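The values are calculated or read from the model by the stated rules, or taken from the named source; none is laboratory data. Predicted model, so just to flag it, every value in this text is computed and none were measured. Positions of Cβ are generated from backbone atoms using ideal geometry, with glycine treated the same way; all protein chains shown enter the neighbour counts. Accessible surface areas use protein heavy atoms only, side chains included; no ligands, DNA or RNA. Shrake-Rupley method; radii C 1.70, N 1.55, O 1.52, S 1.80 Å.
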Amino acid sequence: MNWKREEPEAARALVKEIARLVEGPLRLMEVCGTHTVSIFRAGIRAMMPPGLELISGPGCPVCVTPTGEIDRAVELARRPEVVLLTFGDLMRVPGSRGSLAQARAEGADVRVILSPLDAVAVAEGEPRKKVVFFAVGFETTSPAIAWAVKEARRRGLENFYLLPCQRLIPPAIRALLSAGRTGVDGFILPGHVSVIIGRAPYLFIAREFGLPGVITGFEPLDILEGILMLLRQKKEGRAAIEIQYRRAVKEEGNPLALGLMEEVFRPADARWRGLGSIPSSGLLLRDGFSEMDAVQAFDLPYEEVKDPPGCLCGEILQGLKRPPDCPLFGRGCTPEAPIGPCMVSSEGTCAAYYKYGGISA
Amino acid sequence: MCLGIPCKVVSKGGDFAEVDFGGVKRQVSLLFCPEAEVGDYVLVHVGFAIQRLEEEDALQTLRLLQELGEQYLELEEGGA
Ligand code: SF4
């Protein structure tokens, strides 16, 4: 990590203060994959005083997508009339019958897009094909996906479909806490999810589970400050949801983005890798848009698939195990030849450990 | 995947704006951020501005996020 000139000093001060406040063993979970990467790049785990452990949670939309959903996308992609659109990180995630990248190598029309803006453009440009957008993402991305659905409707495109696979963060945190296995003492909450949803959806963490949470930015100093704010709450015996990332996160989130998301989607139970089915943690198209739902239009049954043998992704996503605990880590499972999604995604915990390895957690 | 990259708005027309991301010009939607004006910094995620930022703050976060952004784009292109 290249720290800016004046930063190491500020960081040292923050780390000193953090060390001063740590009283007993403490486990803080960062929920977001972008945090995981920042924490590793900046070497923040190694700066933490003894007793303070940072653990990674289920925070990457690619990693939490279960194998059965990948299989559905691969099956669709293999149909001759279909163009399948996906964000890049999903290409190499292994399904039980190969990945999207393999399907493409075998002739399927799979295309990587950077934005839902492109999805609508492709559907318009290929009127004789059925264009399916395999949509993954958390609340940060879902408003843009909602735009694509509404825009396809506005332009009268009859060949645009959505394979909706988005997930919502607060229900996953609730499921983790209700399972009661992670032993987390506080949450470093995701900054960009919170730009959209604001502070209120996390209040249950403090009210029902008595734990603090801080909505945190992604600069090394942001993260150190977020940790410090958590420790101050602990010290003062408080449990509240606070915002460190003030420059981007408003109390109420982004009402325009939330409004569009709610107009197009409704919450539904959804499966997460490692966490199973979680109530109201996914999004399905509302009735007015349901003819664009690829699952219905193409009659795609869901088949439950077990994780690859030996892969500990499920436990890693719950913060129960660390990548080095996996017998395949670095031996059989590497970013070049990944076995589980935590090694495929650039924000996966296994990939972060592998790339910036040697830092003890 | 929830990366947001601070970009400066260089021109604006309707729901869309042209932004400067480390010298590269990109079209982004202002649907969720209609108040952004030319010269403002906005947080951009998958082609959409999701929040307007104060300039000073944007400059502060720009470097790390650009680094991450490049890595992310490389990976996306690598998959393409
Ligand atoms: S190292 Fe590979 S096989 Fe092991 S848990 Fe991580 S992704 Fe799964």
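A few points about this structure:
- Residues being within 12 Å of the ligand (Cβ to nearest atom) and assigned to a loop (DSSP other than H, G, I, E, B) - total across the range A:291-317: 6
- Unmet requirement for A:Ala148, which otherwise passes all of (1) within 12 Å of chain B (Cβ to nearest Cβ); (2) part of a strand (DSSP E or B); (3) open to solvent by less than 10 Å² (accessible area, probe 1.4 Å): (2)
- Taking the listed residues A:Ala337, A:Ala361, the one that is farther than 20 Å from A:Pro66 by Cβ and at pLDDT below 85 is A:Ala361, with no other qualifying.
- Listed by position, the strands (runs of 3 or more DSSP E) contained in the range A:234-287 that have at least 3 residues being without any contact (Cβ under 8 Å) to a residue 24 or more places away in the chain and more than 30 Å from A:Pro94 (Cα to Cα) form an empty set.
- Filtered by the rule that a residue be facing another protein chain (nearest Cβ under 8 Å), outside any loop (DSSP other than H, G, I, E, B) and free of Cβ contacts under 8 Å to residues at least 40 places away in the same chain, the range B:1-52 gives B:Gln27, B:Ser29, B:Leu43, B:Phe48.
- Members of the range A:174-194 that are in a loop (DSSP other than H, G, I, E, B) and crowded, with 20+ Cβ neighbours inside 10 Å: A:Val184
- Considering each residue of the range A:233-244 in turn, none proves to be within 14 Å of chain B (Cβ to nearest Cβ) and within 27 Å of A:Cys342 (Cα to Cα).
Let's see how each residue does on (1) within 14 Å of chain B (Cβ to nearest Cβ); (2) within 30 Å of A:Trp147 (Cβ to Cβ):
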position	(1), (2)
A:Thr216	yes, yes
A:Leu221	yes, no
A:Leu231	no, no
A:Glu252	yes, yes
A:Pro255	yes, yes
A:Arg266	no, yes
A:Gly276	no, no
A:Ser281	no, yes
A:Leu284	no, yes
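- Qualifying positions in the range A:341-354 - near the ligand (Cβ under 7 Å from one of its atoms) and free of Cβ contacts under 8 Å to residues at least 60 places away in the same chain: A:Met343, A:Cys350
- Selected residue (criterion: farthest from the other protein chains (Cβ to nearest Cβ)) from residues of the range A:151-173 that are open to solvent by 10 Å² or more (accessible area, probe 1.4 Å) and assigned to a loop (DSSP other than H, G, I, E, B): A:Glu158
- Qualifying position, being in contact with a helix residue (DSSP H, G or I) (Cβ under 9 Å, 6 or more places away or on another chain), open to solvent by less than 60 Å² (accessible area, probe 1.4 Å) and within 14 Å of another protein chain (Cβ to nearest Cβ), among A:Ala297, A:Ala248, A:Ala270: A:Ala248
- The set of residues in the range B:11-41 being under 11 Å from the mean Cα position of the chain (by Cα), farther than 24 Å from A:Gly191 by Cα and surrounded by 12 or more Cβ atoms within 10 Å (Cβ to Cβ) consists of B:Glu18 alone.
- Selection within the range A:116-134 - open to solvent by 10 Å² or more (accessible area, probe 1.4 Å) and within 12 Å of chain B (Cβ to nearest Cβ): A:Leu117, A:Asp118, A:Ala121
- Residue check, A:Leu328 open to solvent by 20 Å² or more (accessible area, probe 1.4 Å), under 23 Å from A:Ile188 (Cα atoms), within 16 Å of the ligand (Cβ to nearest atom) and away from chain B (no Cβ under 14 Å): no
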